[in-house]
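Heads up: the structure comes next, in C-alpha cells.
The numbers here are math on the coordinates, done by the rules we state, and not lab data. From a predicted model like this one, the values you see are computed outputs, not experimental measurements. Reconstructed Cβ throughout: ideal geometry from the backbone, glycine too, with neighbour counts over all protein chains shown.
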Amino acid sequence: MFLKRPHIALLFVSILMLSACSSKFMKLQKKGTTDEKYKAANDYYKKGDYYKAGILFEEIIPLLKGDSLAENAQFYNAYAQYQQKQYSMSAYLFKSFYATYANSPMAEEAFYMYANSMYKDSPNFNLDQSSTLTAIEALQTFINSFPESKYAESCNQNLKELRHRLEEKAYEKAKLYYKTSGVTIANYKAAVVAIDNFQKDFPDSEYIEELSFLKVQSQYDLASVSFENKQKERYTDALKFYEDFIDKFPKSKYIKQAEKVYDGSTKGLEKAVKYEQEVKELKAKEAARVAKEREDAATKKDDKAGKSNP
C-alpha cells in the first residue's frame with residue numbers, strides 16, 4: 001500500500017524520525033550531563049535548531065557559573081532567541097551578557113546585538129513608539145561607545161530609519177488633530193501644538209511645508225470659532241504664522257490657500273479690534289454712570305444732612 005502511495009510512506013517515515021528525535025531530546029534533558037547538554041546545544045545551534053539549542057542553554061547556564069563555558073553559553077543563548085525572533089528576550093540577554101562580560105572579545109558584538117534586537121522589536125510608526133525611543137538610545141549609545149566599529153554603519157542606518165518612523169508618527173498625529181478639529185475647540189489647539197512640536201523636532205522633514213500651512217489654517221479656524229474676547233490674540237497669531245510660512249516657502253503650492261487665510265485673519269482681526277474698542281467704550285460709559293450715581297447719591301446725602309442741621 002505504501003508503494004502505491006509514496007507520499008504517505010514519506011509522511012510516515014518523517015513522523016517516525018521526528019518521534020525518535022523528540023525522544024532522544026527528552027532523554028538528553030532528563031539524563032544528560034551538563035557537558036553532554038552543552039555539546040548538544042552547540043550542535044543544535046549549528047544545525048539551525050535554535051529552539052532546542054535555547055532550551056538546553058537555558059538549562060545549563062545556571063550550572064556553569066564560574067565555568068569557562070558559561071560565557072559562550074550565555075552568548076549563544078542570546079543568539080538562539082534572536083534567531084527565533086524573540087527580540088525582547090534577545091535584547092535582555094545580550095545586554096546582560098555585556099554587563100557581565102564587559103571585557104570579553106564578544107562584548108562589542110553583544111552590545112551591538114542588544115541595540116539591533118531593540119531595533120528589530122520596534123513597532124510600525126502607527127503604534128506606540130516607546131520601544132522605538134529605547135532602540136534609538138541603544139543605537140546611539142553603541143555608536144558613541146564604539147565609533148570605529150564595523151557595526152557603526154549599520155547602526156547609523158537603523159537610527160535613520162527609526163527617526164523617520166518617529167517623524168511619520170508625529171506627522172500622522174498632527175494630521176489627525178487637524179482632520180478632527182471640527183469636533184471640539186480643543187482639537188484646533190492640539191493641532192497647532194502638535195505641528196509646532198513637529199517643526200521643532202523635524203525641521204528638515206519633507207512634511208514641513210504642508211504642516212506649516214496647516215498650522216496657519218488651524219490657527220485661523222481656532223480664531224474663527226473662539227469667543228470674541230479671544231479672537232484678537234488668535235487672529236494675530238494666525239497672521240504671524242502666515243508671515244513665517246511665506247518667508248520659508250515663498251513659492252509654495254499652498255500660497256493661494258494661505259492668502260485666503262491671510263485675508264480672513266485680517267478681516268477677523270479688524271472686527272476683533274473693533275469689538276474690543278466697543279467693549280472698552282461700554283465699560284468706560286458704565287464706569288462713568290456708576291460714578292455719576294455715586295456722586296448724585298453723595299450730593300443727596302449731603303443735602304439731606306444739611307436740612308436736618310439748619
Original post:
If the chain between Ser252 and Val225 were fully stretched, how many nm would it gain, using 0.36 nm times the residue separation less the Cα-Cα distance?
Top reply: 7.0 nm
Subject >> Computed P(r) (all Cα pairs; segment 71-130; 5 Å bins; percent) >> reply: 4, 23, 30, 20, 12, 6, 4, 2
Original post:
Looking only at trypsin sites (Lys or Arg not before Pro) in DSSP loops with at most 13 other Cβ atoms within 10 Å, what is the longest site-free stretch of the chain?
Top reply: 151-250
**OP:** Under a 10 Å cutoff between Cα atoms, tell me which one of Glu161, Glu108, Glu148 has the largest fluctuation in the Gaussian network model of the chain.
**Re:** Glu148
Subject >> Percent of alpha-carbon pairs separated by more than 19 Å within segment 125-236 >> reply: 55
**OP:** Within the set of other residues whose C-beta is less than 15 Å from the C-beta of Tyr275, count the net charge using Lys and Arg as +1 and Asp and Glu as -1.
**Re:** +2
Original post:
Where Lys and Arg each count +1 and Asp and Glu each count -1, what net charge lies around Tyr178 among other residues with Cβ under 14 Å from its Cβ?
Top reply: +1
**OP:** Would you tally the net charge around Ala258, using a Cβ to Cβ cut-off of less than 14 Å, leaving Ala258 out, and scoring K and R as +1, D and E as -1?
**Re:** -1
Original post:
How compact and how long is segment 37-81, expressed as Rg and Dmax of its alpha-carbon atoms in Å?
Top reply: 9.1, 28
**OP:** Return, ordered by residue number, the residues of segment 50-70 whose backbone nitrogen is under 20 Å from a label point located 7 Å along Cα→Cβ of Thr33.
**Re:** 56-70
Subject >> Dipole of segment 24-84, positive direction: furthest Cα of Leu63, Phe25, Ala41, with charges on the beta-carbon >> reply: Phe25
**OP:** Two decimals is fine: what is log10 I(q)/I(0) at q = 0.07 Å⁻¹ for the chain, from a Debye sum with one equal scatterer on every Cα and no solvent?
**Re:** -0.58
Original post:
Hey, fewest Cβ within 10 Å first, where do Glu259, Glu209 land in order?
Top reply: Glu259, Glu209
Subject >> Chain lengthening between Glu243 and Lys179 when straightened (0.36 nm per residue, less Cα-Cα) >> reply: 20.7 nm
Subject >> Mean Cα-pair separation over length for segment 24-84, i.e. relative contact order, pairs under 8 Å, 6 or more apart, % >> reply: 32
Subject >> Ser145/Leu63 FRET efficiency (R0 22 Å; Cβ-Cβ; nearest 0.05) >> reply: 0.10
**OP:** Among Ser218, Ser205, Ser90, determine the one that fluctuates most according to a GNM of the chain built with springs between C-alpha atoms less than 10 Å apart.
**Re:** Ser205
**OP:** In nm, give the distance between the simple-model label positions of Glu295 and Thr134, each being 7 Å from the Cα along the Cα-to-Cβ direction.
**Re:** 7.4
**OP:** Could you work out how far helix 34-47 tilts from the main Cα principal axis of the chain, as a 0 to 90 degree angle to the nearest 10?
**Re:** 70
Subject >> Efficiency of FRET between Glu153 and Lys274 - r from beta-carbon atoms, R0 45 angstrom, step 0.05 >> reply: 0.10
Original post:
If you rank Met118, Met26 by fewest surrounding Cβ atoms within 10 Å, what's the result?
Top reply: Met26, Met118
Subject >> Cα pair count fraction exceeding 17 Å, expressed as % - segment 183-310 >> reply: 66
